[in-house]
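Q: To start, I am sharing the structure in question, which I have written as structure tokens.
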Amino acid sequence: MREFDFLEPATVQEASRLLAEHGDDARVIAGGTALMLGMRQRMLAPTHLISVARIGRLRGIDIDAQGWLRIGALSRHVDIARSALVRQHAPVLAEMAAQVANPQVRNQGTVGGNLCYADPSTDPPGCLMALDACVVLGSSRAERTLSIEKFLVDYYVTALEPDEIVLEIRVPPQAALAQGAYTRFLRTAAEHRPLVNVALVAHNDGGVCRQARLVVGASTPIPQRLRRVEALLDGSRVDARLAAQAAAMAAAEITPLSDLRGSAEFRRDMVRVVVLRTLARLFGLDINEGVAA
Ligand SMILES: Cc1cc2nc3c(=O)[nH]c(=O)nc-3n(C[C@H](O)[C@H](O)[C@H](O)COP(=O)(O)OP(=O)(O)OC[C@H]3O[C@@H](n4cnc5c(N)ncnc54)[C@H](O)[C@@H]3O)c2cc1C
């Protein structure tokens, strides 16, 4: 691995100025789980690593005066999984975080690093999109807030400007009133990363679905919100027949990736199965998945 300088700014402004000064030769480092792999494999060779670990603004999980859940970018997956505030405000987020990768990665990797790397085979982006969450970005110039949908631009591409860092994630108050279910599918038990994941946030009003937000992740370049399926579900009583129809529609609506881990066709079929499982959990259905066991 190439030698590098390790810089430890204490403020967002200082970090931003260092990023502007060193340009493409610099990289932000948080937990280092993704970045160090890239450096060891010589895909990245920064001359300056800018650690954000000392910046207090990026720490903590709390609720603000308007009832939004604020999750500092340096929160590790394990912090989110264990947080009493997250469990109370957005239980589906805690449920998701508890399933990320393995204990080593959950204890080291941060949610900010996860979002900034924009690797498609990950869990938090889709779940946060289903919760209608926002990302707060900061630089020496200003702060700005983007929806997750605007923040994630494409395969490994985000809306971050070169001198910006992610400060925090914000989950709106109405998430606390909704129910959620999160399901991930791994290609093999030994693989940690999901091939498909599905996040559903909705109100189960005595079996009738209201205000559904359904997002498929890991099998598309960036998580995809399934608005046609949401429209089918909204205001309808969800039974096994409707769930099967919604799952088939979801499979048809996505634009799947195709790579060594799975063909587009396989991913499409697994999206159907995982959407069905997710609806079955949230609405307490007995289902026939229509696949050989
Ligand atoms: C073996 C393995 C299995 C994994 N399995 C899963 C899985 O199942 N599900 C899943 O979701 N993820 C999985 N991951 C990915 C893991 O969640 C991420 O690597 C981790 O969250 C990244 O966080 P980090 O703090 O280590 O980021 P780092 O490695 O420090 O940084 C990652 C990227 O984000 C940038 N960055 C970091 N923080 C900021 C910030 N605040 N502002 C601006 N830029 C920033 C860095 O410059 C770098 O480009 C896995 C990773 C490994 C190594």
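Q: Can you give the angle from 0 to 90° between the axis of helix 240-253 and the longest principal axis of the chain, with both taken from C-alpha atoms, to the nearest 10?
A: Rounded to the nearest ten degrees, it is 40.
Q: For n ≥ 4 DSSP H runs only, could you compute -39500 (n - 2.57) per run for the chain, divide by its residues and tell me the 222 nm figure to the nearest 500?
A: Mean residue ellipticity at 222 nm (helix-derived): -9500 deg cm²/dmol.
Q: Can you tell me the FRET efficiency between K150 and Q245 if r is taken as the Cβ-Cβ distance and R0 is 22 Å, rounded to the nearest 0.05? Numbers along the way, then the final one.
A: Numbers: r = 31 Å, r/R0 = 1.39.
Rounded to the nearest 0.05, the efficiency is 0.10.
Q: Can you give the relative contact order of the chain as a percent, counting alpha carbon pairs under 8 Å and 6+ residues apart? Please report the intermediate quantities before stating the final value.
A: Numbers: 636 pairs, mean separation 42.8, N = 293.
Averaging sequence separation for qualifying contacts and normalising by length gives 15 percent for the chain.
Q: Still on this model: Roughly how big is segment 178-283's charge dipole about its Cα centre, with Cβ charges of +1 (Lys, Arg) and -1 (Asp, Glu), in debye to the nearest 20? Kindly include the intermediate steps, with their values, before the conclusion.
A: Values: 16 positive and 9 negative charges, 19 e Å.
My answer is approximately 100 debye.
Q: Could you let me know the centre-to-centre spacing of segment 79-131 and segment 229-282, using Cα atoms, in angstrom?
A: A separation of 22 Å, based on Cα centres.
Q: With contacts defined as alpha carbon pairs under 8 Å and 6 or more residues apart, what's the relative contact order of segment 36-148 in percent? Walk me through the numbers before you get to the answer.
A: On the way: 130 pairs, mean separation 18.6, N = 113.
Relative contact order, segment 36-148: 16 percent.
Q: If you don't mind, another one. Convex hull volume of the Cα atoms in segment 56-174, per residue, in Å³? Walk me through the numbers on the way to the answer.
A: Values: hull volume 11.9 nm³, N = 119.
Spread over its residues, the Cα hull of segment 56-174 gives 100 Å³ apiece.
Q: Order the peptides 97-103, 189-195 from the highest to the lowest mean number of other Cβ atoms within 10 Å of their residues.
A: On the way: 97-103: 17.0, 189-195: 14.1.
Listed from highest to lowest mean packing, they are 97-103, 189-195.
Q: At 0.36 nm per residue, and after removing the present C-alpha to C-alpha distance, how many nm does the segment from N102 to S51 gain when stretched out fully?
A: My answer for the length gained is 16.0 nm.
Q: Treating the beta-carbon of each Lys and Arg as +1 and of each Asp and Glu as -1, no other charges, what is the dipole magnitude of segment 5-51 about its Cα centre, to the nearest 20 debye? If you can, show how the numbers build up before the last one.
A: Values: 4 positive and 6 negative charges, 51 e Å.
The calculated dipole for segment 5-51 is roughly 240 debye.
Q: Restricting things to Cα coordinates, could you compute the convex hull volume per residue of the chain in Å³?
A: Once divided by residue count, the hull of the chain is 127 Å³.
Q: Here's something else I'd like to know. If you average 1/r across every pair of different Cα atoms in segment 145-291 and take the reciprocal, what Kirkwood value do you get, in Å?
A: 16.2
Q: Right, next: Determine Rg/Rh for segment 41-112; Rg is computed over alpha-carbon atoms and Rh is the Kirkwood hydrodynamic estimate from the same atoms.
A: Working: Rg = 14.3 Å, Rh = 13.5 Å.
Computed over Cα atoms, the ratio is 1.06.
Q: Shifting gears a bit: Separation of segment 1-64 and segment 154-202 by C-alpha centroid, Å?
A: The distance from the Cα centre of segment 1-64 to that of segment 154-202 comes to 22 Å.
Q: Go through S147, A176, A159 and say which Cα lies farthest out towards the positive end of the charge dipole of segment 139-188; charges sit on Cβ, +1 for Lys and Arg, -1 for Asp and Glu.
A: A176
Q: Could you size up the charge dipole of the chain around its Cα centre, putting +1 on the beta carbon of Lys and Arg and -1 on that of Asp and Glu, and report it in debye to the nearest 20?
A: Values: 33 positive and 32 negative charges, 119 e Å.
With Lys and Arg at +1 and Asp and Glu at -1, about 580 debye.
Q: Which percentage, to the nearest 5, of the DSSP beta bridges contained in the chain is antiparallel?
A: Details: 39 of 46 bridges.
Taking every DSSP beta bridge within the chain, about 85 percent pair in antiparallel fashion.
Q: Continuing with this model, one more query. Could you tell me which of F6, Q211, A244 has its Cα farthest along the dipole of the chain towards the positive end, charges placed at Cβ (Lys, Arg +1; Asp, Glu -1), taken about the Cα centre?
A: Projecting each Cα onto the dipole axis, the largest value belongs to A244.
Rule-based calculations on the coordinates, nothing more; no lab input. Quick caveat: nothing in here was measured; it's all calculated off a predicted structure. Don't worry about glycine lacking a Cβ; one is built from the backbone with ideal geometry, like all the others, and counts go over all protein chains shown.
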